[in-house]
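The values are calculated or read from the model by the stated rules, or taken from the named source; none is laboratory data. Nothing here was measured: the structure is a model prediction, and the numbers come from that model. Glycine gets a Cβ as well: all are built from the backbone with ideal geometry, and neighbour counts include every protein chain shown. In case anyone asks, the SASA skips ligands and DNA or RNA and just uses the protein heavy atoms, side chains included. Shrake-Rupley method; radii C 1.70, N 1.55, O 1.52, S 1.80 Å.
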Amino acid sequence: MADADTARLCSEVVRSVFGPLTATVASLLLTHGRLALPQLIRLSKLKPRIVRAAILVLVQHNLLWHAQSDEGEVFEVNADECLMRLRYGRYVWTAEQLYGTAGAEIVELILDHGKLRLPDIISQLSVYDPIKAPAVLAQTLHKLVGEGYLKPSTILSHLSPRDKRIRYEAEEKRKISGFPTAKEMREAKEVAEARMKREEEEAEQVGMKRKAGDHSYKSSKRKALEEDMEVDDTVHFRVNCERFNVHIRNKLFETVASERHNQCAGTVLRATLKATESKQRKLTDIRSDSTSLANIAMHLPDDLDLAAGLAVQSSKKLPTMTLLKEYLGILASADNPTPTGRTAAFVSLSGSKVQVEFEIIARRLRRRVLEAVARERHGDEGVRIIRLLLDTAMMDEKQISKVGMMATKDVRPLLSAMSAESLVSLQEVPKSADRNPTRMFYLWYVDLQKAYNVLLGNMYKMLYNIAARRQAEQDEPNLKAVLEKRQRSDVSQDEERLLTRNERELLAQWEKKMEKLTVLEMRVEEAVFILRDLGTFTINEE
């Protein structure tokens with residue numbers, strides 16, 4: 001069962017896409033948790049056929065999980081998949097950048113339908129070009145499936161991962177004789193996780209099959225094996241959101257490197273990520289696979305002038321490999337071989353091998369979001385306190401005032417305000433066994449996980465408010481009439497002549513508001529991506 005902010009946002013996302021009736025069913029599942037069909041019918045007060053249709057729509061679009069309980073089959077909302085719909089536009093744009101128009105059309109069609117088979121995709125997209133389009137679409141679809149951008153929809157993908165984990169752990173614990181020790185419990189969890197991972201890897205292979213009638217001997221090389229494989233016509237495919245999220249992460253890291261150093265440094269980091277991009281399948285990777293300098297140089301643009309971003313003393317033109325080593329040294333903070341320098345690094349160097357440190361960069365980005373919120377609400381003094389507490393673990397009020405060079409009368413209300421927003425937390429240390437409040441040490445510290453969770457909830461509130469504001473703007477009576485008039489075929493072909501000046505000005509104002517709301521939504525969604533998707537690593541920043 002999702003929390004209140006997540007439930008409201010998911011309900012609004014479902015309402016904007018599938019309408020109010022489907023949103024009613026989704027809202028009940030989000031607020032009440034798992035429910036069976038009779039319970040949904042009773043609580044929603046809708047006709048049974050409408051509830052069944054809403055469930056079918058949500059299952060088709062991968063927004064519901066199935067589970068078996070004592071009451072029979074129950075349903076649960078996949079909140080993560082629901083929130084991913086806010087990024088569907090970026091997924092289509094990424095597919096177009098990678099595979100052209102055909103790739104964008106395939107991804108957009110699957111996102112619109114939830115899951116589709118190969119013949120259905122080709123038949124719908126080759127209507128206007130039935131001769132050449134099928135071959136191009138089949139080739140592009142083969143690349144999308146082979147690279148992991150599309151994954152097969154199996155029975156296991158409709159079951160809750162939490163249920164599978166609990167069941168597998170219970171099976172492993174039953175194999176233990178006697179009272180299980182902590183080590184045996186930990187091993188049971190590891191075996192359950194490995195089993196789930198193995199099932200996911202096996203499920204990804206379902207979508208490809210060997211070409212019929214081709215039993216000739218082939219080399220064991222990967223390229224030769226891929227040529228023997230083709231997309232299975234009987235398998236339904238869905239979009240693999242995590243594979244597209246990898247591209248969003250890489251683009252974000254490139255932008256951060258450009259802001260931290262310069263544009264050339266960002267381009268070098270992009271080339272480093274490109275060199276191992278085919279092996280980056282999940283956001284949980286701590287670091288990328290190692291790659292060589294020569295491989296990175298192959299992914300640099302031909303017209304890139306690396307010397308433009310460095311203060312080179314020599315008048316001679318330096319080799320590209322020399323300049324590349326300089327940039328990688330800068331990105332690795334080679335001039336500062338201390339723990340502080342390592343936390344500011346983007347890559348790590350080990351001889352001639354280079355690795356991108358995903359966990360270190362993500363940790364730094366999450367901390368930057370926390371400091372940005374503290375600066376916006378409490379000024380530079382709030383950021384100073386957070387940095388001080390993160391560097392020194394726990395301090396009392398007097399120590400914060402002394403080390404932070406702030407007046408005590410200013411520190412106390414500031415700490416209280418920050419504590420109310422969960423930016424800082426308070427730890428009580430009793431001096432005696434009676435735990436008398438007058439004989440206690442009160443130590444302040446930053447609980448990062450708690451702070452990030454509160455910030456994420458606030459981000460969900462903002463996204464919901466943006467969606468509500470957009471809907472309120474569209475429901476304004478005068479604007480609604482103009483928008484309906486604009487949808488007429490004759491008006492859409494000649495808006496200048498068939499719309500009055502007041503109507504055109506009203507539409508221009510509305511489009512400007514929508515643009516501002518879209519930009520704001522993208523910025524908030526980027527912060528959500530940093531806090532939630534890049535927050536999968538263990539919090540250990542002290």
Quiz prompt | Solvent exposure, largest accessible area first (probe 1.4 Å, DNA, RNA and ligands not counted), of TYR149, TYR99 | solution = TYR99, TYR149
Quiz item: Can you list residues whose amide H is under 5 Å from ASN240's amide H, if they're 5+ apart or on another chain and H is modeled 1.01 Å from N?
Solution: LEU150, LYS151
Exercise. With a 10 Å radius around each residue's Cβ, average the other Cβ atoms per peptide and rank 27-36, 153-162, highest first.
Key: 27-36, 153-162
Practice problem: Can you tell me the dipole magnitude for region 304-452 around its Cα centre, using point charges on the Cβ only (Lys, Arg +1; Asp, Glu -1), in Debye to the nearest 20? | Solution: 160 debye
Exercise. At 0.36 nm per residue, minus the direct Cα-Cα distance, what do MET405 and LYS132 gain on full extension? Give it in nm, one decimal, please.
Key: 91.1 nm
Quiz prompt | In Hz, Karplus ³J(HN,Hα) per residue of region 354-370 (6.51, -1.76, 1.60; θ = phi - 60°; x = Gly, Pro) | solution = 10, 10, 8, 8, 5, 5, 5, 5, 5, 4, 5, 5, 5, 5, 5, 5, 4
Practice problem: Give me the distance in nm between label points sitting 7 Å out from Cα along the Cα-to-Cβ direction at LEU498 and LYS164, one decimal. | Solution: 5.2 nm
Exercise. Measure out, as a whole number of angstrom, how far apart the alpha-carbon centroids of region 105-166 and region 9-32 sit.
Key: 25 Å
Quiz item: Based on the alpha-carbon gyration tensor of region 1-141 and its eigenvalue square roots a ≥ b ≥ c, which shape applies: rounded if a/c is under 1.5, prolate if not and a/b is larger than b/c, or oblate?
Solution: prolate
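If you place +1 on the Cβ of every Lys and Arg and -1 on the Cβ of every Asp and Glu, how big does the dipole about the Cα centre of the chain come out, in debye to the nearest 20?
Working: 84 positive and 79 negative charges, 157 e Å.
For this selection, approximately 760 debye.
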Quiz item: Which pairs, out of LYS485/LYS513; LYS151/LYS513; LYS164/LYS282; LYS409/LYS450; LYS47/LYS512, put more than 30 Å between their alpha-carbon atoms?
Solution: LYS151/LYS513; LYS47/LYS512
Exercise. May I ask you to derive the FRET efficiency for LEU390 and GLU200 from their Cβ-Cβ distance with R0 = 51 Å, giving the value to the nearest 0.05?
Key: 0.90
Quiz item: Using a basic spin-label model with each label point 7 Å from the Cα along Cα→Cβ, how many nm lie between GLU376 and SER157?
Solution: 3.6 nm
Quiz prompt | ASP232 long-range amide H proximity, modeled H, under 5 Å | solution = MET208, LYS209
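Need one word for region 446-528: rounded, prolate or oblate. Basis is the Cα gyration tensor (sqrt eigenvalues a ≥ b ≥ c); a/c below 1.5 gives rounded, then a/b vs b/c decides. Don't skip to the end; give the middle numbers.
On the way: a/c = 4.26, a/b = 3.48, b/c = 1.22.
Since a/c reaches 1.5 and a/b is larger than b/c, the shape of region 446-528 is classed as prolate.
Among rounded, prolate and oblate, which fits region 337-476 when a ≥ b ≥ c are the square roots of the eigenvalues of its C-alpha gyration tensor, a/c under 1.5 means rounded, and a/b larger than b/c means prolate? If you can, show how the numbers build up before the last one.
On the way: a/c = 2.19, a/b = 1.12, b/c = 1.95.
Because a/c hits 1.5 or more and a/b fails to exceed b/c, region 337-476 counts as oblate.
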Quiz prompt | Under 20 Å from LYS516, Cα to Cα: lysines that are on another chain or at least 8 residues apart | solution = LYS461, LYS480
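Rank LEU506, LEU111 by accessible area, highest first, at a 1.4 Å probe radius?
Working: LEU506 50, LEU111 15 Å².
Ranked from most to least accessible, the order is LEU506, LEU111.
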Self-check item: Heavy atoms of THR284 accessible to a 1.4 Å probe, total area in Å² rounded to 10
Solution: 70 Å²
Quiz item: To the nearest 10 square angstrom, how much accessible area does THR24 have with a 1.4 angstrom probe?
Solution: 50 Å²
Quiz item: So for region 1-156, taking the charge dipole from beta-carbon charges (+1 Lys/Arg, -1 Asp/Glu), which of VAL17, TYR88, SER44 sits furthest toward the positive end?
Solution: SER44
Practice problem: Starting at the first residue of region 464-474, write each ³J(HN,Hα) from the Karplus equation 6.51 cos²θ - 1.76 cosθ + 1.60 with θ = phi - 60°, in whole Hz, x for Gly and Pro. | Solution: 5, 5, 5, 5, 5, 5, 4, 5, 5, 5, 6
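Quick check on the chain: of the DSSP beta bridges with both residues there, what percent are antiparallel, nearest 5%?
Values: 29 of 30 bridges.
The antiparallel fraction comes to roughly 95 percent.
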Quiz item: Can you give the accessible area of LYS251 in Å² (nearest 10), computed on protein heavy atoms with a 1.4 Å probe?
Solution: 100 Å²
Self-check item: Cut-off under 5 Å, modelled amide H: who pairs with LEU35 long-range
Solution: PHE75
Quiz item: Largest first, what is the accessible-area ranking of MET462, MET522, MET418, MET405 with a 1.4 Å probe?
Solution: MET405, MET522, MET462, MET418
Exercise. Rounded to whole Hz and in sequence order, give me ³J(HN,Hα) for region 235-249 from the Karplus expression 6.51 cos²θ - 1.76 cosθ + 1.60, θ = phi - 60°, writing x for Gly and Pro.
Key: 9, 8, 10, 10, 7, 8, 4, 5, 5, 6, 5, 4, 5, 4, 4
